[in-house]
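Notes follow once the structure below has been shown.
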Amino acid sequence: MENNISDNRNYIKKMSIFLGGIAFILIILFVMVIYVSTPASPQSYNSKIQTDTLIYDDLNRIKLLNSDLYQIEKLLEHLENDNKIKNKKIEYFLSNYQGIIQNINKIKESIDNNPNYNKELKKYFGQIVEDIQKSFKITSARLDQIPIASPLDLNHNTLFIVSKFGMRNHPINHTMKMHAGIDLRAKVGSHILATASGRVIKNGTRGGYGYSCEIQHKYGYSTVYAHMVRTTVAKGQWVNKGDEIGFVGSTGLSQGSHLHYEVRRDNKPVNPVSYFFEGMSGEEYGKWIK
């Protein structure tokens, strides 16, 4: 799967050129249909005007989809190559990622259900939609290997940080020490989810971390989940994004039930808060990062 994603790394960029060419062909085809053909009746003339509107509406949707895919591609490149994430890029992602799915479905519905489209137009538009869907599938597969999701089920948990990332006075040792992750409040037994697809490289009891699990992802990312009551995976196991990997507990050096969660880039800890944005609205993300 990783090889397929790597092979298609530049697909979306190529799509920009391809879609531009297709749009040009469609416009020429449209001119031929509308202006070369002579309408046989007022009803036929009105039908052509309606087709005119539909074509331009769908072309505009396609242009917006192409722009959205390009912006998401830029965010992916940022995530794959840089430790620092710009909030504006994430906000764009949050406002447009789900919109892509909705717009694809709208275009498909317009093409499939409107009788004013001739066979040539349906063929061209249908091919564009298929290519956009392919691009989106590749994008989604790449996103699945970057830890941008929550390690706790957002449907059953409210994310609340009880200890932030950075230097702190250790609550048990009472010494200043680097806190390499964040502590999230959660009840004992709460489900812990893999925030990205990857392979389990460490699993089991690990000193002050208690029962813990570490997963290696693509692009140098890894994630750590600690103080579990128990894990449900094995070392060497491949897990998919969203899979259950264990349950919240208070093992190791812990004063109460919570999840200690880390995101690492090339084995260096980075603030996990910046990476929590999938599944949130722009407003929720804005509150979360403050």
- Note on the structure: Row for region 179-221, column shape: gyration tensor on C-alpha, a ≥ b ≥ c, rounded if a/c < 1.5 i.e. under 1.5, prolate if a/b over b/c, else oblate; value prolate
- Query: What's the Cα-based Rg to Rh of region 227-287, Rh via Kirkwood?
  - Reply: 1.01
- Note on the structure: Non-local residues with an amide H under 5 Å from the amide H of Lys202, with H modelled 1.01 Å from N and Pro and chain starts lacking one, are Glu214
- Task: Under 1.5 on a/c is rounded, so check that first for region 142-290, then, if it is not, pick prolate when a/b is larger than b/c and oblate when it is not; a ≥ b ≥ c are the square roots of the alpha carbon gyration tensor eigenvalues.
- Result: rounded
- With respect to the cross-link table entries Lys187/Lys235; Lys137/Lys287; Lys164/Lys241; Lys63/Lys119; Lys74/Lys137; Lys187/Lys290, which display a Cα-Cα separation exceeding 20 Å? Lys187/Lys235; Lys137/Lys287; Lys164/Lys241; Lys63/Lys119; Lys187/Lys290
- For region 110-260, calculate the relative contact order in percent as a whole number, restricting contacts to Cα pairs under 8 Å that are 6 or more residues apart. 22
- Ordered by residue, what ³J(HN,Hα) values in Hz, to whole numbers, does region 176-186 give under the Karplus form 6.51 cos²θ - 1.76 cosθ + 1.60, where θ = phi - 60° and Gly and Pro are x? 6, 8, 6, 9, 7, x, 10, 9, 10, 5, 6
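All of the numbers you see were taken from the coordinates with simple rules; none came from a lab. The structure displayed is predicted, hence computed values, not measured ones.
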